[in-house]
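K.L.:
Here it is, the structure in full.
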Amino acid sequence: RLQESRERLSVCSKLCYAVGGAPYQITGCALGFFLQIYLLDVAQLDPFYASIILFVGRAWDAITDPMVGFFISKTSWTRFGRLMPWIIFSTPFAVISYFLIWFVPDISRGQVMWYLIFYCIFQTLVTCFHVPYSALTMFISREQSERDSATAYRMTVEVLGTVLGTAIQGQIVGKVITPCIESPVFIGKPNSSVAMEELNMTHDTGSLTDTRNAYMIAAGVIGGLYILCAVILSVGVREKRESSELQSDEPVSFFRGLKLVMNHGAYIKLIAGFLFTSLAFMLLEGNFALFCTYTLGFRNAFQNILLAIMLSATLTIPFWQWFLTRFGKKTAVYVGISSAIPFLIMVAVLDSNIIVTYVVAIAAGISVAAAFLLPWSMLPDVIDDFKLQHPDSHGHEAIFFSFYVFFTKFTSGVSLGISTLSLDFAGYQTRGCSQPSEVNVTLKMLVSAVPVVLILLGLLLFKLYPIDEEKRRKNKKALQDLREDSNSSSESDNTELASIV
């Protein structure tokens, strides 16, 4: 009991730790919802080049996670810790590169390379922040209950970060509205495309400068929040080396550690289950704005609907934390993630109705909260199980977390590619006030039928996940016994050495 009381984290420490999760979610949400529109309508890039920037940026983002995990595993401990220096030194450069993504350079050529370079640089730097921050979970306490509690705080702040990213970017940019393009009345007439282009130029030229300024103001506000959160994290959290390592541990090479991690069955089954469920929610997230705008016809309300999703998710994080401690994490997975299925079917089957849409948004937010919380709450259980099977191997926390993030971002890239190709084949009209019926059917598939199938597949895979509540309790007791044996052995060795001297 005395040992557990020493390992308890204060509410202040948990809050400071949780605040560190906000920058990744705020910037990721702003980029996810607005970067494509910005490249097409504000930077005025060709859609083909915009697709290249988005795809290469996401692919590079996924690749950097295991790379950063490798370099972190080779990093020596300092007086600030092993992970915290990565967070501190990457922050200012990440903020600068983020601002330059939202800046339109006054050059006739090279804009594509400008956005591609700074997008990839930012993704690299934010990875240097987020991967060590994710692995920091294992270094703030040895008590699983304290890590679970800190994870719940973190997930609440991260979901709140998505609300802030949506609200800040949406409200600032939304004040300067670029008009949509009406259905062409020139179809069948010569030079119809030229006439439409001239019509668009007369509508957009006056507000284009204001729109660019609005994007830069939003980038400045978000960059300021990024720095503030990094300062709070670095000042309020102390990285504890002894929280993760046993005194009898000996270092193991990265590639041998990677092989051990990838051969750990519980980790692979956990990743496989969340791979499908994450893809389902990312398809929903990436296409819900388009679905509300075109299929449901709520062009002026989609930002409020998105906020309803994020606010619902934020408010229900504490409920899911209580639920998983009361009924177990596997039960929380089944109940939390599957609760979205009937509402996803409802929004696609019923006619356009704003009240039904808000109900679906709130229900989707409840499931989003579970999908946010549970993977990060279950990963430490897998790492503890790994430590019991490989007691002489340590320092692989970054590998566990970085490869989970890698697979999550990989699914994000897949969902982006599937959505873009499907809408392109369906005849999507960029910046159109309305879309062909084929596009509306495709959007219904992307936000309803496909996510439901993916969620069901993910839940089936979770049946194979071996760590239930009973096994988790046994692992906790076995780890505690192993640490006590290690400490007592070390103390006896010191006593024997002192007597010899």
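The values are calculated or read from the model by the stated rules, or taken from the named source; none is laboratory data. Since the model is a prediction, treat every value here as computed from it, not as a measurement. In this analysis, Cβ positions are derived from the backbone assuming ideal geometry, glycine residues included, and neighbour counts consider all displayed protein chains. Just so you know, the surface numbers come from the protein's heavy atoms only, side chains and all, with ligands and any DNA or RNA stripped out. Shrake-Rupley method; radii C 1.70, N 1.55, O 1.52, S 1.80 Å.
K.L.:
Taking Ala340, is it surrounded by 16 or more Cβ atoms within 10 Å (Cβ to Cβ) and under 12 Å from Val452 (Cβ atoms)? Quick ask: steps written out before the conclusion?
P.N.:
Values: surrounded by 16 or more Cβ atoms within 10 Å (Cβ to Cβ): yes; under 12 Å from Val452 (Cβ atoms): yes.
Considered against the rule, which asks whether it is surrounded by 16 or more Cβ atoms within 10 Å (Cβ to Cβ) and under 12 Å from Val452 (Cβ atoms), Ala340 comes out as yes.
K.L.:
Next up: Cβ-Cβ distance below 9 Å, separation of 6 or more or different chains: which pairs start in the range 196-221 with a residue that is assigned by the TED database to the domain that holds Val95 and end on one that is modelled with pLDDT under 50?
P.N.:
Thr211/Asp204
K.L.:
What number of residues in the range 68-100 are assigned to a helix (DSSP H, G or I), in contact with a Phe, Trp or Tyr (Cβ under 8 Å, 6 or more places away or on another chain) and either open to solvent by 20 Å² or more (accessible area, probe 1.4 Å) or within 20 Å of Leu228 (Cα to Cα) (or both)?
P.N.:
Number of matching residues: 12.
K.L.:
So is Trp60 part of a helix (DSSP H, G or I), over 30 Å from Phe319 (Cβ atoms) and touching a residue at least 60 places away in the same chain (Cβ under 8 Å) or not? Break it down into steps so the answer makes sense when it comes.
P.N.:
Working: part of a helix (DSSP H, G or I): yes; over 30 Å from Phe319 (Cβ atoms): yes; touching a residue at least 60 places away in the same chain (Cβ under 8 Å): yes.
When the stated conditions are applied, Trp60 passes them.
K.L.:
Restricting to the range 281-298, count the residues that are closer than 16 Å to Tyr358 by Cβ and touching a residue at least 40 places away in the same chain (Cβ under 8 Å).
P.N.:
First, the residues of the range 281-298 that are closer than 16 Å to Tyr358 by Cβ: 284, 288-289, 291-293, 295-298.
From what is left, the residues that are touching a residue at least 40 places away in the same chain (Cβ under 8 Å) are 284, 288-289, 291-292, 295-298.
Total meeting the criteria: 9.
K.L.:
If a residue must be modelled with pLDDT under 80, in a helix (DSSP H, G or I) and open to solvent by less than 40 Å² (accessible area, probe 1.4 Å), how many such residues does the range 44-53 contain?
P.N.:
1
K.L.:
Identify, please: which residue in the range 119-130 is within 16 Å of Cys229 (Cβ to Cβ) and among the aliphatic types (A, V, I, L, M) and is, among those, surrounded by the fewest Cβ atoms within 10 Å (Cβ to Cβ)?
P.N.:
For the range 119-130, the residue satisfying everything is Leu125.
K.L.:
Six or more apart or on different chains, Cβ under 7 Å: which pairs go from a residue in the range 321-333 that's closer than 24 Å to Ala272 by Cβ to one that's among the small types (Gly, Ala, Ser) and open to solvent by less than 50 Å² (accessible area, probe 1.4 Å)? Could you list them?
P.N.:
The qualifying pairs are Phe323/Ala332; Leu324/Ala332; Leu324/Ser377; Lys329/Ser377; Ala332/Ala370.
K.L.:
If you don't mind, there's one more thing I want to ask. For the range 477-485, indicate whether the set of residues that are within 30 Å of Thr277 (Cβ to Cβ) and either modelled with pLDDT of 70 or more or assigned by the TED database to the domain that holds Ile268 (or both) is non-empty. First the steps, then the outcome.
P.N.:
Our first condition is that a residue be within 30 Å of Thr277 (Cβ to Cβ); within the range 477-485, this holds for 478-479.
So of that shortlist, the ones also either modelled with pLDDT of 70 or more or assigned by the TED database to the domain that holds Ile268 (or both) come out as 478-479.
Yes, the range 477-485 has at least one match.
K.L.:
If you don't mind, there's one more thing I want to ask. What pairs can you find where one residue is in the range 96-113 and in the same structural domain as Arg212 (by the TED database), the other is part of a loop (DSSP other than H, G, I, E, B) and not polar (S, T, N, Q), and their Cβ atoms are less than 6 Å apart, with a gap of 6+ or different chains?
P.N.:
Matching pairs, first to second residue: Val104/Ala43.
K.L.:
Name the one entry in Thr357, Thr314 that is in the same structural domain as Leu270 (by the TED database), under 30 Å from Met138 (Cα atoms) and β-branched (Val, Ile, Thr). Write out each step before concluding.
P.N.:
Working: Thr357 fails: under 30 Å from Met138 (Cα atoms).
Going through Thr357, Thr314 in turn, the sole match is Thr314.
K.L.:
Here is a further query. Those residues that are surrounded by 19 or more Cβ atoms within 10 Å (Cβ to Cβ) and of a type in the set (Val, Ile, Thr), I need them from the range 256-298; list them, please.
P.N.:
Val261, Ile271, Thr277, Thr293, Thr295
K.L.:
For residues in the range 115-140 being aliphatic (A, V, I, L, M), closer than 14 Å to Lys14 by Cα and assigned to a helix (DSSP H, G or I), which is farthest from the chain's Cα centre (by Cα)?
P.N.:
Our first condition is that a residue be aliphatic (A, V, I, L, M); within the range 115-140, this holds for 116-117, 121, 125-126, 131, 135-136, 138, 140.
Restricting the remaining residues to those that are closer than 14 Å to Lys14 by Cα gives 136, 138, 140.
Those left that are additionally assigned to a helix (DSSP H, G or I): 136, 138.
Details: Leu136: 16, Met138: 19 Å.
Looking at residues that are aliphatic (A, V, I, L, M), closer than 14 Å to Lys14 by Cα and assigned to a helix (DSSP H, G or I), I get Met138.
K.L.:
Can you tell me which of (1) at pLDDT below 75; (2) in a helix (DSSP H, G or I) is the one Ser145 doesn't meet?
P.N.:
(1)
K.L.:
What's the number of the only condition in (1) under 28 Å from Gln144 (Cβ atoms); (2) aromatic (Phe, Trp, Tyr); (3) surrounded by 15 or more Cβ atoms within 10 Å (Cβ to Cβ) that Phe327 fails to meet?
P.N.:
(3)
K.L.:
Where in the range 324-435 are the helices (runs of 4 or more DSSP H), entirely inside, with at least 3 residues that are at pLDDT 85 or above? Talk me through it step by step, then tell me what you get.
P.N.:
Values: elements: 329-338, 341-349, 354-389, 397-426.
Correct list: 329-338, 341-349, 354-389.
K.L.:
Search the range 101-118 for residues being in contact with a Leu (Cβ under 8 Å, 6 or more places away or on another chain) and buried (at least 22 other Cβ atoms within 10 Å of the Cβ), and hand back the single one that is farthest from Phe34 (Cα to Cα).
P.N.:
Tyr115
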